[in-house]
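Undergrad: Have a look at the structure that comes next, please.
The values are calculated or read from the model by the stated rules, or taken from the named source; none is laboratory data. The model shown is predicted, which means the values in this text are computed figures rather than measured ones. FYI the Cβ positions are ideal-geometry reconstructions off the backbone, even for glycines, and counts take in every protein chain you see.
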Amino acid sequence: MVELYPGELEVEKIFNRWLKWGEDKNYGAYITFVGIVRAEDGIEALSFDVYEPILKKWFKEWEDRAKKERCVIKMAHSKGNVPIHTSSYVAAVFCPHRKKALELIEKFVEDFKANAPIWKYDVKNGERIYAKERSQPIEGSGLLALDKTSQ
Amino acid sequence: MVELYPGELEVEKIFNRWLKWGEDKNYGAYITFVGIVRAEDGIEALSFDVYEPILKKWFKEWEDRAKKERCVIKMAHSKGNVPIHTSSYVAAVFCPHRKKALELIEKFVEDFKANAPIWKYDVKNGERIYAKERSQPIEGSGLLALDKTSQ
Amino acid sequence: MVKVEFLGPIARSPLYLEAKNLKEVAQELNKDPQIKKWLSECAVAVNDEIVKSLDVELKEGDRISLLPPVCGG
Amino acid sequence: MVKVEFLGPIARSPLYLEAKNLKEVAQELNKDPQIKKWLSECAVAVNDEIVKSLDVELKEGDRISLLPPVCGG
């Protein structure tokens, strides 16, 4: 399940809850990735829009993929404003063994960046500015552009 | 610094302490790897011997390597017996950005497995049995074997 | 009638169009310069499924979503 | 006199030898079948530095450690 929260994440609580969840399930490796908002370019926060229906489908595919490897994937993400030096994203994998866990967390986080329907904005003086230059077109983008040569 | 503890690790405390340590240092990614003792082959625990002087030198090299990438590495490990379903190992990286963090945690954990001077034993009926078949010779092993062809 | 939704930073209210397939939607959207400039970078979903071909027949009430470049985390 | 230590699962007390270099230590250790069987899999440290060549001169009080296959985590 994708966990979505307004504002910054309570990383400790999420980490501990997931750790406890995995405790008796005989996983040998538990990896967490925490994304923290960096102070850059004078921003006071980042802000996020999330499109939940497609996010949930995208995540379900990853859950199924993980299950085939006898692994489990979890993620939590913020909606709205997240101040600098706080966290907007936690992803986790549980696997029987380390190699698969290391492989899975990397692939998952990279695909998350490329394809999860979440939009990022810099917040400066209370204004939200779309972080276009740091954003990636989702795989298959451009379908409706008929006049492709002029783009 | 390498943190060594007798028995199983208090993973939550370690995770939270490191999280707090990193809070104002403007890292964008914090990854932790937790190694949990699996119930396998009827063991009741694993047990570990650690040779600290060489472990510390090995870790210092990784600290220096991380520093060149503007990252920080941390690790905690158990000495002695660690019951099944509890944790014996936590490793962490802090990096400005995710890609370097994902790369570093994988390389670090793999090199840890291959070269950190720690020996693992299965504990069955209170007896310690060296986990030889799961162990790896450290890089450069065999130096003192003069009669190499017969090995 | 189908509904076209613009997600994330594309500051547009939904459009309602008569269209039998995605190609007709494309033709319609290309007429609006403010929308057109996003199209080369947008992924497309029909009823919340990302589609990768224009050969998609539409029926009454279908919902088309445009997803501009993403950056979660 | 140099000291040879056996780490981890090699259940042996330290040995004290007269040796001017690592080759002489190797020759000495190869004489003991119980030690010899570990040698092909052991890394070697001199004063807690892993060494990768037998061309290491030793001096009075040096400490040689044998590190059998490892498995942390």
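Undergrad: Pull out all pairs, ordered by first then second residue, where Cβ-Cβ is under 7 Å, the residues are six or more apart or on different chains, the first lies in segment B:80-100 and is facing another protein chain (nearest Cβ under 9 Å), and the second is acidic (Asp, Glu).
TA: B:Ile84/B:Glu44; B:His85/A:Glu23; B:His85/A:Asp24; B:Thr86/B:Glu8; B:Ser87/B:Glu8; B:Ser88/B:Glu8
Undergrad: Follow-up. For residues that are in contact (Cβ under 8 Å) with a residue 40 or more places away in the chain and either facing another protein chain (nearest Cβ under 9 Å) or within 23 Å of A:Ala92 (Cα to Cα) (or both), tally how many sit in segment B:123-138.
TA: Total meeting the criteria: 2.
Undergrad: Quick check on segment A:129-150: of everything there that is among the acidic types (Asp, Glu) and not in a helix (DSSP H, G or I), which residue is modelled with the highest pLDDT?
TA: Applying the filter and picking the extreme gives A:Glu139.
Undergrad: From B:Gly80, B:Gly22, which residue is touching a Pro at 6+ places or on another chain (Cβ under 8 Å) and either at negative phi or not charged (D, E, K, R) (or both)?
TA: B:Gly80
Undergrad: Let me ask something else about it. Looking only at residues in segment C:12-27 that are without any contact (Cβ under 8 Å) to a residue 24 or more places away in the chain and in contact with a helix residue (DSSP H, G or I) (Cβ under 9 Å, 6 or more places away or on another chain), which one is surrounded by the fewest Cβ atoms within 10 Å (Cβ to Cβ)?
TA: C:Glu18
Undergrad: Report whether or not A:Ala131 is under 28 Å from C:Gln27 (Cα atoms) and surrounded by fewer than 21 Cβ atoms within 10 Å (Cβ to Cβ).
TA: Taking the combined requirement at face value, the residue does not satisfy it.
Undergrad: Across segment B:100-128, what is the total count of residues that are of a type in the set (D, E, K, R), farther than 20 Å from D:Cys42 by Cα and assigned to a helix (DSSP H, G or I)?
TA: Matching residues across segment B:100-128 total 4.
Undergrad: Additional query: Looking only at segment C:1-11, which residues are surrounded by 18 or more Cβ atoms within 10 Å (Cβ to Cβ) and either facing chain A (nearest Cβ under 10 Å) or out of contact with any strand residue (DSSP E or B) (no Cβ under 8 Å at 6 or more places or on another chain) (or both)?
TA: C:Val4, C:Leu7, C:Gly8, C:Pro9 - these are the residues of segment C:1-11 that are surrounded by 18 or more Cβ atoms within 10 Å (Cβ to Cβ) and either facing chain A (nearest Cβ under 10 Å) or out of contact with any strand residue (DSSP E or B) (no Cβ under 8 Å at 6 or more places or on another chain) (or both).
Undergrad: Check off (1) within 24 Å of B:Ile118 (Cα to Cα); (2) more than 7 Å from chain B (Cβ to nearest Cβ); (3) surrounded by 17 or more Cβ atoms within 10 Å (Cβ to Cβ) for D:Asn47 and give me the number that stays unchecked.
TA: Result: D:Asn47 fails condition (3) only.
Undergrad: Still on this structure: Looking at C:Lys59, is it buried (at least 17 other Cβ atoms within 10 Å of the Cβ), outside any strand (DSSP E or B) and among the basic types (Lys, Arg)?
TA: Criteria not met by C:Lys59.
Undergrad: Here's a check for you: in segment B:64-88, which residue that is charged (D, E, K, R) and under 23 Å from B:Glu10 (Cβ atoms) is surrounded by the fewest Cβ atoms within 10 Å (Cβ to Cβ)?
TA: Ranking the qualifying residues of segment B:64-88, first place goes to B:Lys79.
Undergrad: If we scan segment A:102-122, do we find a residue that is among the basic types (Lys, Arg), crowded, with 19+ Cβ neighbours inside 10 Å and within 9 Å of another protein chain (Cβ to nearest Cβ)?
TA: yes
Undergrad: Can you name the residue in segment D:1-50 that is small (Gly, Ala, Ser) and not in a helix (DSSP H, G or I) and, of all such residues, is modelled with the lowest pLDDT?
TA: It comes out as D:Ala11.
Table: residues versus (1) in contact (Cβ under 8 Å) with a residue 40 or more places away in the chain; (2) in a loop (DSSP other than H, G, I, E, B); (3) out of contact with any helix residue (DSSP H, G or I) (no Cβ under 6 Å at 6 or more places or on another chain).
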| residue | (1), (2), (3) |
| --- | --- |
| B:Tyr5 | yes, no, yes |
| B:Leu9 | yes, yes, yes |
| B:Glu12 | no, no, no |
| B:Tyr27 | yes, yes, yes |
| B:Leu46 | yes, no, yes |
| B:Asp49 | yes, no, yes |
| B:Ile54 | yes, no, yes |
| B:Phe59 | yes, no, yes |
| B:Met75 | yes, no, yes |
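Undergrad: Identify, by number, the condition in (1) under 27 Å from A:Ala91 (Cβ atoms); (2) of a type outside the set (Asp, Glu); (3) free of Cβ contacts under 8 Å to residues at least 60 places away in the same chain that C:Val70 doesn't meet.
TA: (3)
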